[in-house]
Amino acid sequence: FVHNERMDRFMSHYQEDLRENLFIRIPKEIFEEDYWRKLPSASKSIYPVILKHINAQGTCFPSEETIAKLAGVTPKTVREGLKGLDGLPGFEKEKYSTQRGYSGYRYMIDPVGKKVKVISISHAFFNGGNWSELTPSAKAIYPVLKYFSWWDYDLYIEHEDVDYENADEDSISPDSPYPLRKHDFINPDNENVAQFSGVDIRSIRSSYQSLIDNGFMEHHGMIEGRETWKLFTRPSLTLSENITH
């Protein structure tokens, strides 16, 4: 059974159309230059949510309430997170007033160039409510796991049930574009995950469990003596499925 209050919170921002073919893109230099590690936990929770709303010009206007719901935090935490994003390269915000006299923030994020190396996260993780249910440490760790993820064609087809007769050639080729794959693989050292995410190494195991419980990843097994997980391209389940099953 799911508590009614929890169910109401899920359904208040769950969307029928997950828009799973849209992806936010975070430059890898955010991790390589230590910016992500140094961000406050609140900022790590809301930054991907803001990115989800960015238009082609790099601008968006989500309310604090909208950000709070999709990030699974309070409006107060959103405000704390916004302060923590000050100084992040490529990110700006400015206060504005609408014609009705409401106040809000306009967010500007530099568009990512085609040649810039990025990690990609499907909108479905946010629209399905999955991101909102992660622990703060899991939210800090997940983009880092995306940074460390890798794909191996032979390993992938060995363990995936691929319909070769009906599958698009691109979906099963060694050069498969990321959106066509079901998952990548991860098996980084805990020390590196902790270092890049700014999370206490003792929280990594519980963070992984939070990611597993909310459809972001699942255990794969041992590869060359290393514990390995599948990191899904899209959620393996959404919160609506959690509620009804």
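The values are calculated or read from the model by the stated rules, or taken from the named source; none is laboratory data. Only a predicted model underlies this, so the values are computations on that prediction, with no experimental measurement involved. All Cβ positions, glycine included, derive from the backbone under ideal geometry; neighbour counts span all protein chains shown. Quick note on the areas: whole protein, heavy atoms, side chains included, nothing else; ligands and nucleic acids left out. Shrake-Rupley method; radii C 1.70, N 1.55, O 1.52, S 1.80 Å.
Alpha carbon centre of segment 200-232 versus segment 20-87: separation in Å?
Distance between centres, Cα-based: 23 Å.
Among 73, 78, what's the order by accessible area (1.4 angstrom probe), most exposed first?
The most accessible residue leads, giving 73, 78.
Got a sec to turn the phi values of segment 79-89 into Karplus ³J(HN,Hα) couplings, 6.51 cos²θ - 1.76 cosθ + 1.60 with θ = phi - 60°, whole Hz, x for Gly and Pro?
Running phi through 6.51 cos²θ - 1.76 cosθ + 1.60 with θ = phi - 60° gives 5, 5, x, 5, 4, x, 7, 4, x, 5, x Hz.
With Cβ to Cβ distances under 13 Å as the rule, what net charge do the other residues near residue 185 carry (K, R +1; D, E -1)?
Charge balance near residue 185 sits at -3.
Report, in listed order, any pair from 28/69; 52/146; 93/146; 146/182 with a Cα-Cα distance greater than 24 Å.
28/69; 93/146
For segment 31-125, which chymotrypsin sites (Phe, Trp or Tyr not before Pro) are in a loop by DSSP, counting at most 13 other Cβ atoms within 10 Å?
Loop-located and lightly packed - 102.
Classify segment 39-147: rounded, prolate or oblate, from the alpha-carbon gyration tensor (a ≥ b ≥ c, eigenvalue square roots; a/c under 1.5 rounded; otherwise prolate if a/b is larger than b/c)?
Taking the square roots of the gyration eigenvalues as a ≥ b ≥ c, segment 39-147 is oblate.
Accessible area per residue, 1.4 Å probe, Å², for segment 38-134: what's the number?
I get 49 Å² per residue for segment 38-134.
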